[in-house]
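The values are calculated or read from the model by the stated rules, or taken from the named source; none is laboratory data. Since the structure is predicted, the reported quantities are computational estimates derived from the model, not experimental observations. Positions of Cβ are backbone-derived with ideal geometry, glycine not excepted, and every protein chain shown enters the neighbour counts. Quick note on the areas: whole protein, heavy atoms, side chains included, nothing else; ligands and nucleic acids left out. Shrake-Rupley method; radii C 1.70, N 1.55, O 1.52, S 1.80 Å.
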Amino acid sequence: YSLMGEYTNISRRDLYKMQMDAVHKALEIDPQLAEAHISLAISLMLNDWDWIGAEREFKLGLKLNPKYATGHHWYAELLLFQGKIEEAFKEISIAVDLDPISQRILKDKGIFQYYLKEYDEAIKTARTTLELDPGFVPVHRLLSLIYTGKGMYDDAIRENKRWGELTGNKVKTD
């Protein structure tokens with residue numbers, strides 16, 4: 001339900017009750033289920049902006065399953081939101097090590113590299129992501145940001161247009 005709020009046009013508000021019902025049911029069945037704690041953490045982070053509760057649940061979930069790549073990925077996002085960029089980069093790197101073919105995790109590592117102004121590394125990460133799946137559209141938006149950061153404006157415009165074409169977010173000229 002959390003990802004549906006991210007990647008569809010269904011409002012988080014509409015999904016929130018279903019998400020929380022599912023998380024609480026999972027924790028009722030197995031209070032030691034790492035994935036349920038991570039799901040609770042992402043909900044606390046994105047829906048309630050409860051950074052303290054989210055961090056507590058991320059840490060518990062990762063203690064229960066330190067090899068859960070998605071947990072490290074989402075925890076990295078919380079750390080990034082808090083401005084803890086170096087810690088966030090460490091967590092996203094763990095996620096990539098655990099799941100090196102996840103396009104979403106790789107793309108987000110590229111975003112972190114962009115924030116650290118490691119533009120050439122971010123381009124390499126984006127290209128690796130596209131090698132895994134040439135149809136993974138969000139990478140074009142990432143490349144647009146990276147090229148803008150490097151001052152490569154023609155490339156940035158090209159990638160942004162590509163992203164727009166692939167997502168249907170075209171600029172109307174009439």
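Each of LEU130, LEU78, LEU106 was scored by the projection of its Cα onto the charge dipole of the chain, and the greatest displacement toward the positive side belongs to LEU130; charges sit on the C-beta of Lys, Arg, Asp and Glu.
Counting only aspartates and glutamates at least 8 places from LYS17 when in the same chain, those with an alpha carbon closer than 17 Å to its own are GLU6, GLU28, ASP48, ASP50.
Cross-link partners of LYS25 among aspartates and glutamates, defined as those whose alpha carbon lies under 15 angstrom from its own and excluding same-chain residues fewer than eight positions apart: GLU35.
The angle between the Cα long axis of helix 119-132 and the main principal axis of the chain comes to about 80°, on a 0 to 90 degree scale. Each of the peptides 143-156, 16-29, 105-118 was scored by the mean count of other Cβ atoms within 10 Å over its residues; in descending order, highest first, they stand as 105-118, 143-156, 16-29.
Principal-axis analysis of the Cα atoms of the chain puts helix 12-29 at an angle of about 40° to the longest axis. Label positions at GLU87 and TRP49, each projected 7 Å from the Cα along the C-beta direction, are separated by 2.0 nm. For the chain, the solvent-accessible area with a 1.4 angstrom probe is 59 square angstrom per residue.
Ordering of 82-94, 57-69 by packing is 57-69, 82-94, highest average first (other Cβ atoms within 10 Å, averaged per residue). Considering only Cα-Cα distances, which of the following residue pairs are longer than 18 Å: LYS90/LYS150; LYS124/LYS150; LYS90/LYS117; LYS109/LYS161; LYS59/LYS84? LYS90/LYS150; LYS109/LYS161, as the Cα separations exceed 18 Å there.
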